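Student: Before I ask anything, let me first share the structure, which is written out below as structure tokens.
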Amino acid sequence: MPTTRISHLESLFAALDQGYCLCEMIRDESGRPVDYRFLETNPVFAEMTGLSNAQGRTARELVPGLEQHWIDAYDAIARGVPARFQNGSEAMGRWFDVFGSPVPPEGCFALVFRDISSQRRAELEREEARAQAERLLVELNHRVMNTLAMIASIVRMEAGQFEADSAGRQGMARLQSRLAAVSALYRALNNAARVNWVAARPYLSQVVDAVAASVADAAQITLRTDIAAVDLPTAQAAPLGLLVNELMTNAMKYAFPDGRHGILSVTLALAQGQLALTVADDGVGIRPSPAPEAGGIGSQLVEAFAEQLGGRVERTTGPSGTTVTVAFPQAAAPDA
């Protein structure tokens, strides 16, 4: 290579704001890589590595405890495989972002690198803070579930003070089913991969089962569910679970009088970025409720939960049954 070009390259490497070094591998008699020698370094090298006067010396001479994975990685580069990677050295107390390329003669390689220790420490601190927040949320979920269980127990005791089939007993039963829907959400959160998102299918299935268990005369009703395999943020999951509770309870209470047999289906479908919850029965049909304020608290809650979801309630009813659908936008999943 002409002297002028070599001079230009030396000037370039000297001006780099990243560390640079030219090295040669050292292998034992069996060809196993055991060390490498620094042939050239630029001025930033010592700042990036903490190693002074490295030229002409070996890595393990300068860092006796240097991990073998560094030597193995550089041996692969020296054998002809360029690589870009990030890794840490416990012996050096630093993390590096490295690009390496083989250079002639055989067994030599060049590295351009930067010290990313501060960036890596910040990432680890963020990860630890996130993990700590998740642990606190899990603990909070457990405490909330325990509190809900205690409240549900009190409600059951209070319900026993009312006559069977009385308005008071029925009101307590509806309160119990609402508590069960909220409890299902917290159970789903405990099993979720992300603390603020839940899988719709297992969560809503628990809500459906809880409602069915809360209705005394539900044996003659066949339940069918078809829940889309989507994830829901808690901001949607909570009102959606309570909405399922209200619509199911209403259908089981009014659609199948006098022990009438029938089918009650709960569906959550996804199409073109819209989710649609449908609760349908083949019962006797009910008179459509007027404005929410004119109906009971259940009707008002249905409207309120639909509004929370950013959706609206559509009802159709007749001799062949009642269908209630609430369509609402699917929430965008956060970046992984």
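Student: Go through the range 296-320 residue by residue and tally those that are within 20 Å of residue 257 (Cα to Cα) and modelled with pLDDT under 90.
Tutor: Result for the range 296-320: 7.
Student: Would the range 51-60 turn up any residue that is of a type in the set (Val, Ile, Thr), without any contact (Cβ under 8 Å) to a residue 40 or more places away in the chain, more than 29 Å from residue 123 (Cα to Cα) and buried (at least 16 other Cβ atoms within 10 Å of the Cβ)?
Tutor: So in the range 51-60, the residues of a type in the set (Val, Ile, Thr) come out as 58.
Among the residues that remain, those that are also without any contact (Cβ under 8 Å) to a residue 40 or more places away in the chain are: 58.
Imposing the further condition that a residue be more than 29 Å from residue 123 (Cα to Cα) reduces the set to 58.
Those left that are additionally buried (at least 16 other Cβ atoms within 10 Å of the Cβ): 58.
Yes, because at least one residue in the range 51-60 is of a type in the set (Val, Ile, Thr), without any contact (Cβ under 8 Å) to a residue 40 or more places away in the chain, more than 29 Å from residue 123 (Cα to Cα) and buried (at least 16 other Cβ atoms within 10 Å of the Cβ).
Student: Return the residues of the range 50-65 that are small (Gly, Ala, Ser) and farther than 16 Å from residue 22 by Cα; say none if nothing qualifies.
Tutor: Scanning the range 50-65 gives 50, 65.
Student: Here is a follow-up. Just checking, which of 268, 243 is of a type outside the set (Gly, Ala, Ser) and not in a helix (DSSP H, G or I)?
Tutor: Going through 268, 243 in turn, the sole match is 268.
Student: Regarding residue 47, is this residue over 20 Å from residue 102 (Cβ atoms) and modelled with pLDDT under 95? Let's see the steps before the verdict.
Tutor: Working: over 20 Å from residue 102 (Cβ atoms): yes; modelled with pLDDT under 95: yes.
Here the answer is yes, as residue 47 does meet what is asked.
Student: Give the range 30-65 a look and list any residue that's in a strand (DSSP E or B), within 45 Å of the chain's Cα centre (by Cα) and among the aromatic types (Phe, Trp, Tyr), or say none.
Tutor: Result: 36, single match.
A quick yes/no check of all residues on (1) assigned to a helix (DSSP H, G or I); (2) modelled with pLDDT under 70; (3) farther than 22 Å from residue 215 by Cβ:
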site	(1), (2), (3)
110	no, no, yes
114	no, no, yes
129	yes, no, yes
134	yes, no, yes
143	yes, no, yes
169	yes, yes, no
178	yes, no, no
185	yes, no, no
203	yes, no, no
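Student: Anything in the range 209-260 that is among the hydroxyl-bearing types (Ser, Thr, Tyr) and more than 17 Å from residue 298 (Cβ to Cβ)? List them, or say none.
Tutor: 222, 225, 234 - these are the residues of the range 209-260 that are among the hydroxyl-bearing types (Ser, Thr, Tyr) and more than 17 Å from residue 298 (Cβ to Cβ).
Student: Something else now. Which condition breaks for residue 96 when tested against (1) at pLDDT below 95; (2) surrounded by 19 or more Cβ atoms within 10 Å (Cβ to Cβ)?
Tutor: (1)
Student: Still on this structure, please answer the following. In the range 187-201, which residues are out of contact with any helix residue (DSSP H, G or I) (no Cβ under 7 Å at 6 or more places or on another chain) and modelled with pLDDT under 70?
Tutor: Hits for the range 187-201 are 191, 192, 193, 194.
Student: Moving on to the next point. Which condition number in (1) touching a residue at least 40 places away in the same chain (Cβ under 8 Å); (2) more than 23 Å from residue 183 (Cβ to Cβ); (3) of a type in the set (A, V, I, L, M) is the one that residue 237 fails?
Tutor: (2)
Student: Please go through the range 301-320 and pick out each residue that is touching a residue at least 24 places away in the same chain (Cβ under 8 Å), in contact with a helix residue (DSSP H, G or I) (Cβ under 9 Å, 6 or more places away or on another chain) and in a strand (DSSP E or B).
Tutor: none
Student: Being buried (at least 20 other Cβ atoms within 10 Å of the Cβ) and under 20 Å from residue 307 (Cα atoms) narrows it down to one residue among 270, 243; which is it?
Tutor: From the options 270, 243, the qualifying one is 243.
Student: Of 290, 329, 257, 334, which residue is exposed (fewer than 12 other Cβ atoms within 10 Å of the Cβ) and either at pLDDT 80 or above or within 21 Å of residue 205 (Cα to Cα) (or both)?
Tutor: The unique qualifying residue is 257.
The values are calculated or read from the model by the stated rules, or taken from the named source; none is laboratory data. Since this is a predicted model, take the numbers as computed values, not measurements. Cβ atoms come from the backbone with ideal geometry, glycine included; neighbour counts cover every protein chain shown.
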